[in-house]
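Below: the structure, in structure tokens.
The values are calculated or read from the model by the stated rules, or taken from the named source; none is laboratory data. Small disclaimer: the values here were computed from a predicted structure and weren't measured. All Cβ positions, even for glycine, are placed from backbone atoms using ideal geometry, and neighbour counts span all protein chains on display. When the accessible area is computed, the model is the full protein with side chains, heavy atoms only, and any ligands, DNA or RNA have been set aside. Shrake-Rupley method; radii C 1.70, N 1.55, O 1.52, S 1.80 Å.
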Amino acid sequence: MRPEEGLQELLQQVLQELSFGSVILTLQDGRVLQVEKREVFRLPYAASKSAAAASPDTAPVVKRILAALGTLAYGRMELKVQGGKVTQVETTAKLRGSDWQGMDGDGI
């Protein structure tokens, strides 16, 4: 199994299990090094009807996430999940000092 396939399966599993919270992927050298899952538990009086709904098919969402990961070399991607669905994706790209060589001297 290739690493991408393992990541795809892991993301699908985590997203299917998560009702509210976030998943944070940390990248270095274009590879995912760490996956964090933060689960939020809603109290019964604050629960919405969408939380009880069946988990949607996550395969199309995971494919889009993997495609977006291909554009990051260093940084993080945070997937916000509400009611069992990915509602927002935030990316933070980092530029390493070696990327700045030759600009006004030896670097930053």
Please verify whether segment 17-36 includes one or more residues that are open to solvent by 80 Å² or more (accessible area, probe 1.4 Å), modelled with pLDDT under 95 and assigned to a helix (DSSP H, G or I). yes
Checking G75, G102 in turn, the sole residue that is modelled with pLDDT under 90 and out of contact with any Pro (no Cβ under 6 Å at 6 or more places or on another chain) turns out to be G102
- Query: Given the structure, is V61 surrounded by 16 or more Cβ atoms within 10 Å (Cβ to Cβ), under 12 Å from the mean Cα position of the chain (by Cα) and modelled with pLDDT under 95?
  - Reply: yes
By residue number, the members of segment 73-86 that are more than 12 Å from the chain's Cα centre (by Cα) and more than 10 Å from L18 (Cα to Cα) are A73, Y74
Filter result for E9 (over 24 Å from G70 (Cβ atoms), open to solvent by 50 Å² or more (accessible area, probe 1.4 Å) and at pLDDT 85 or above):
no
